[in-house]
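To start, the structure itself, in structure tokens.
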Amino acid sequence: MSMIGEYARLTPAELDRAIRDPEWAREHVVELIEAELDAEPAAPEARCHDIDKAWHALDFLLRRIDFPVDIVHGEEEIPGAEGWGYEPPRHLTPERVRVAAEALAATPHEALTEGVSSAELARAEIYPAAVWERGESLDYVTSHYQELVPFFRAAADAGDAILIWLD
């Protein structure tokens, strides 16, 4: 099974409700995802987004450059939330989303991979290891990073929080 990094934008009121009622949060996110399945909106218009299997490599690369916000795993757990996938969902508050959006805008994708090779990701056992062991390009990771930039910018502009989980 694959582990996919998932994101959902929530208004502050939706985040408050999600924290109080994690079962509602799960149902709400499923509705958001289903509503966007056919439309496939561009990142700025989307309420949901995924970074496929690039999550672990992004985490590795962002930590390397001391990125100020954990945009891969989130920062605060949703208490009592279970059954979301590989780990409980976490969130970023609207303020942390704003900080992340500003940092993303200030960090070109080239800065993530500067001096890093697929061999280094393989040595660090970054998921999915087989990709890096084959020596594949880091373009897969940087393309997902580039999609996160407008997604986070739109969330910050709207004053939204972001829910994050691995599915």
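The values are calculated or read from the model by the stated rules, or taken from the named source; none is laboratory data. Model, not experiment: these values are computed from the prediction. Neighbour counts run over all protein chains shown; Cβ positions are idealised from the backbone, glycine included. Only protein heavy atoms, including side chains, enter the accessible area calculation; ligands, DNA and RNA are left aside. Shrake-Rupley method; radii C 1.70, N 1.55, O 1.52, S 1.80 Å.
Any residue at all in the stretch 99-121 that's at pLDDT 95 or above, within 20 Å of His28 (Cα to Cα) and in contact with a strand residue (DSSP E or B) (Cβ under 8 Å, 6 or more places away or on another chain)?
no
Which one of these is within 27 Å of Val131 (Cα to Cα), out of contact with any Cys (no Cβ under 6 Å at 6 or more places or on another chain) and polar (S, T, N, Q): Thr11, Thr107?
The conditions single out Thr107.
Give the residue that is surrounded by the most Cβ atoms within 10 Å (Cβ to Cβ), with candidates limited to residues of the stretch 57-84 that are of a type outside the set (D, E, K, R) and farther than 27 Å from Glu120 by Cβ.
The qualifying residue surrounded by the most Cβ atoms within 10 Å (Cβ to Cβ) is Ile78.
Return the residues of the stretch 27-38 that are in a helix (DSSP H, G or I), over 15 Å from Ala161 (Cα atoms) and either open to solvent by 40 Å² or more (accessible area, probe 1.4 Å) or in contact (Cβ under 8 Å) with a residue 60 or more places away in the chain (or both); say none if nothing qualifies.
The answer is Glu27, Val30, Glu31, Ile33, Glu34, Ala35.
Quick check on the stretch 36-56. Is at least one of its residues β-branched (Val, Ile, Thr) and within 17 Å of Ala156 (Cα to Cα)?
no
With Leu138, Leu121, Leu112, Leu92 as the choices, which residue is surrounded by 14 or more Cβ atoms within 10 Å (Cβ to Cβ) and touching a Leu at 6+ places or on another chain (Cβ under 7 Å)?
Unique residue meeting the criteria: Leu112.
Give the residue that is most open to solvent (accessible area, probe 1.4 Å), with candidates limited to residues of the stretch 141-156 that are of a type outside the set (Lys, Arg) and in contact with a Pro (Cβ under 9 Å, 6 or more places away or on another chain).
So the residue we want is Pro150.
Based on this model, can you work out whether Trp165 counts as at pLDDT below 95, crowded, with 18+ Cβ neighbours inside 10 Å and of a type outside the set (A, V, I, L, M)?
No.
Within the stretch 79-89, does at least one residue satisfy the condition of being out of contact with any Leu (no Cβ under 7 Å at 6 or more places or on another chain) and at pLDDT 95 or above?
no
Go over the candidates Leu104, Leu166 one by one and state the one that is of a type outside the set (S, T, N, Q) and within 14 Å of Cys48 (Cα to Cα).
Of Leu104, Leu166, the one residue that is of a type outside the set (S, T, N, Q) and within 14 Å of Cys48 (Cα to Cα) is Leu166.
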